[in-house]
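**Q** Got a structure for you, written out below as structure tokens; questions coming shortly.
Computed from the coordinates by the stated procedures, all read-outs in this text should not be read as laboratory data. Just so it is clear, the structure is predicted and the values come from calculations on it, not from any experiment. In this analysis, Cβ positions are derived from the backbone assuming ideal geometry, glycine residues included, and neighbour counts consider all displayed protein chains.
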Ligand SMILES: C[S@@+](CC[C@H](N)C(=O)[O-])C[C@H]1O[C@@H](n2cnc3c(N)ncnc32)[C@H](O)[C@@H]1O
């Protein structure tokens, strides 16, 4: 629990190997149900094209695909990709799931109706450029969905990076996601029960917004 991603600043191989260790078990590290915030948001949207970066073992991707979304996802962990494929197969859906880092993914600018950033924590020196890159993949009017552990999570130890620099703060939203009109932008406490790695009282940032039509 709570031992996520000291490897955040490394190469795709370092990060993939770090997460492979967590995903090697047959049990799904974050469970097979979607993240609750992601689910609440996606259930309100008409299906279209969805991008899920850092999608781990595929729980959010499979949920969306089952509900009619065309899903592109990626993660540097081959084990994560393998389990995402197995979960998709169990539900009779297909995903375009690549094995790579955000920096390596060939993003299609303006192509997506929604982008979901679910616990994809980036090192401080890569965070702004990384999230802005994801934002550029949204079409104007497209939906940005995010849930990230807040800085206050550090002392709880119930999930997320054990590194203050990789945890998130509301103050960072404007610089990371310029040109988004947010309808939800909040820091809250909530109980999280997602597999064995996210368990217990937690502090998170939740975002929902639309890329401005300029
Ligand atoms: C906490 S897990 C969340 C997985 C998934 N989003 C979910 O909610 O179940 C974080 C994931 O981000 C991935 N990750 C970390 N750094 C990344 C990067 N730079 N580019 C792409 N994925 C990354 C890891 O491999 C890991 O699977």
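**Q** So residue 196 clears everything in (1) within 16 Å of the ligand (Cβ to nearest atom); (2) assigned to a strand (DSSP E or B); (3) surrounded by fewer than 16 Cβ atoms within 10 Å (Cβ to Cβ) except one condition, right? Which one?
**A** (2)
**Q** What are the pairs, 6+ residues apart or on separate chains, where a residue within the range 35-61 that is closer than 16 Å to residue 134 by Cβ has its Cβ under 6 Å from a residue that is in a loop (DSSP other than H, G, I, E, B) and more than 7 Å from the ligand (Cβ to nearest atom)?
**A** 50/69; 51/137; 60/34; 61/95
**Q** For the range 150-175, give me the residue count where each residue is in a helix (DSSP H, G or I) and either in contact with a helix residue (DSSP H, G or I) (Cβ under 8 Å, 6 or more places away or on another chain) or over 18 Å from residue 202 (Cβ atoms) (or both).
**A** Count: 10.
**Q** Right, here's the next one. Taking the range 58-106 only, how many residues are surrounded by fewer than 21 Cβ atoms within 10 Å (Cβ to Cβ), more than 12 Å from the ligand (Cβ to nearest atom) and over 17 Å from residue 23 (Cα atoms)?
**A** Adding up the residues that qualify gives 12.
**Q** May I pose another question? Does the range 141-149 include one or more residues that are surrounded by fewer than 21 Cβ atoms within 10 Å (Cβ to Cβ) and either in a strand (DSSP E or B) or within 11 Å of the ligand (Cβ to nearest atom) (or both)?
**A** For the range 141-149, residues surrounded by fewer than 21 Cβ atoms within 10 Å (Cβ to Cβ) and either in a strand (DSSP E or B) or within 11 Å of the ligand (Cβ to nearest atom) (or both): present.
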